[in-house]
Amino acid sequence: MTMMTKKDKNKKPRALKVPHSVQESIPYESVYECGIIETEKGHFSRAYELMDCNWTAAKEAEQYDMFSRYGQFLNLFDSDVTFQIFITNHAIDKQNFEDEVLLKLQNDGLDDLRSEENAILRDKILQGRNNLTCEKYLVVSVEAESAAAAMLQFSRLD
């Protein structure tokens, strides 16, 4: 059981501010053209999209190399740098898949091969992870006096 002090009793509760838009619900001070976001005074973040790699399909030597490079990557960060890895799964947009992945028919005598390849691609998508795609991001945060100083730190990490 905690005891309330006289100081605690005199504190007024902060007014709850309800956001009216998505933009108001995301805490940030400034967004800079170089891709840096100042989340609060002196705290800067930057996100990087990570490439996908298939650990299970890699040979043992490749797995060792990946693990070794991951360890080297983690050792790049000073103790004052924080990072998070975000993994998002979302359904594949079928129209986008049709437009960007499937081969276009060209009426040049090879359309039967293109149709067969498209059927294989459609089948592979259906056999996949319930039509899900996975994206991975690394968000790195640093403390700095200014956006220019933060940019120097990020360029060293880049």
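Descriptive notes on the structure:
- Dividing the mean sequence gap of close Cα pairs (under 8 Å, 6+ apart) by how many residues the stretch 77-147 holds gives a relative contact order of 60 percent.
- Nearest-ten-degree value, helix 60-75 long axis tilted from longest Cα axis of the chain: 30
- Exposed-loop-free span, longest in the chain, where trypsin sites (Lys or Arg not before Pro) count as exposed if DSSP calls them loop and at most 13 other C-beta atoms lie within 10 Å: 60-103
- Divide the volume of the convex hull around the Cα atoms of the chain by the residue count and you get 284 Å³ per residue.
- Members of 104/136; 104/124; 59/104; 59/94 lying beyond 27 Å, as alpha-carbon distances in this model show: 104/136; 59/104; 59/94
- Within the chain, helix-based [θ] at 222 nm, where runs of 4 or more DSSP H residues each add -39,500 (n - 2.57), nearest 500: -11000 deg cm²/dmol
- For residue 29, net neighbour charge (Lys/Arg +1, Asp/Glu -1) across residues whose Cβ lies under 13 Å away: -1
- Rel. contact order, % - alpha carbon contacts under 8 angstrom, at least six apart, the chain: 33
- Per residue, the accessible area of the chain comes to 84 Å², computed with a 1.4 Å probe over protein heavy atoms only.
- One decimal place: the segment residue 149-residue 90 gains 17.7 nm when fully extended, by the rule 0.36 nm per residue minus the C-alpha distance.
- Dipole in debye (nearest 20) - the chain, about Cα centre, beta carbon charges: Lys, Arg +1; Asp, Glu -1: 1480
- On the chain, 55 percent of the accessible area sits on carbon and sulfur atoms, based on a 1.4 Å probe.
The values are calculated or read from the model by the stated rules, or taken from the named source; none is laboratory data. Computed from a prediction, not measured in an experiment: that's the story for all the values here. A quick note on method: Cβ atoms are made from the backbone with ideal geometry, for glycine too, and the neighbour counts reach across all protein chains shown. Surface accessibility is based on the protein's heavy atoms, side chains included, excluding ligands, DNA and RNA. Shrake-Rupley method; radii C 1.70, N 1.55, O 1.52, S 1.80 Å.
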